[in-house]
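> Can you read through this structure? Questions will come right after.
The values are calculated or read from the model by the stated rules, or taken from the named source; none is laboratory data. As the structure is a prediction and not an experimental result, all values here were calculated from the model. Every residue, glycine as well, gets a Cβ built from its backbone with ideal geometry; the counts of neighbours run over all protein chains shown.
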Amino acid sequence: MKALPVENVHPDATASLQAAGVTVSTRSGALDEPEVSEALVGVQLLGIGSATPVNASVLASATELITIGAFCIGTNQIDLAAAAKLSIGVFNAPFSNTGSVATGSTSLSVNLPRTQLEAGADPRRLAHLHANTPEVLAKVNIVLPAHDVNLEPQALSTRDHLGYLLTDAGTDYTPDVVQTLQRMPETVRQRVLS
């Protein structure tokens, strides 16, 4: 995984990301639209301040981008509607512990439903973003046990047309489980987080 923090992010942030096995490429100043589009090739995590614009054009070209952290007050520089349509999570945490994102809390999220699941002792966590339709939770909860996945804590929330499910399991998620969930028509995006 590759992260791109820009606008003079504190060195501790870079060190924390690298300690978690993330490849980090930093930029000291703000980027304009062409620069940020070029810099996002191969990047999954973007951290910005208030001066770097992330509009629909930038988001459309960032094919591997998973999330944007705005380390400033507000998210006016980010096209939130375009990010939501592309299933790119956006969070804003000017004074908060952004480590909460890694533990399954999206309570500061701008375009994802508010969902929080306490970290377990040995979690095998799956994040499933889906269309907010009737019975989608039931469908997921049929797929997992059918593949011998022992369900542990789950947290689900919805906002408008999106739903977000965090599931911990007592066993690893096998490739066939992941593929089956990806083929569900309601699935927007999913990730095995741990």
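> Considering each of Val43, Val58, Val90 in turn, give the residue that is closer than 28 Å to Thr187 by Cβ, at pLDDT 90 or above and touching a strand residue (DSSP E or B) at 6+ places or on another chain (Cβ under 6 Å).
Sole residue among the options that is closer than 28 Å to Thr187 by Cβ, at pLDDT 90 or above and touching a strand residue (DSSP E or B) at 6+ places or on another chain (Cβ under 6 Å): Val43.
So that you can scan it fast, the table gives a plain yes or no per residue for (1) within 16 Å of the chain's Cα centre (by Cα); (2) assigned to a strand (DSSP E or B); (3) surrounded by fewer than 18 Cβ atoms within 10 Å (Cβ to Cβ):
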{"site": "His130", "(1), (2), (3)": "yes, yes, no"}
{"site": "Leu144", "(1), (2), (3)": "no, no, no"}
{"site": "Glu152", "(1), (2), (3)": "no, yes, yes"}
{"site": "Tyr164", "(1), (2), (3)": "yes, yes, no"}
{"site": "Tyr173", "(1), (2), (3)": "no, no, no"}
{"site": "Asp176", "(1), (2), (3)": "no, no, yes"}
{"site": "Pro185", "(1), (2), (3)": "no, no, yes"}
{"site": "Arg191", "(1), (2), (3)": "yes, yes, yes"}
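> Considering only residues of segment 132-142 that are surrounded by fewer than 14 Cβ atoms within 10 Å (Cβ to Cβ) and without any contact (Cβ under 8 Å) to a residue 24 or more places away in the chain, which is farthest from Val192 (Cα to Cα)?
Pro134
Yes or no, residue by residue, for (1) hydrophobic (A, V, I, L, M, F, W, C); (2) in contact with a Lys or Arg (Cβ under 6 Å, 6 or more places away or on another chain):
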{"residue": "Val22", "(1), (2)": "yes, no"}
{"residue": "Arg27", "(1), (2)": "no, no"}
{"residue": "Asp32", "(1), (2)": "no, no"}
{"residue": "Ser37", "(1), (2)": "no, no"}
{"residue": "Val43", "(1), (2)": "yes, yes"}
{"residue": "Gly47", "(1), (2)": "no, no"}
{"residue": "Ser50", "(1), (2)": "no, no"}
{"residue": "Asn55", "(1), (2)": "no, no"}
{"residue": "Ala62", "(1), (2)": "yes, no"}
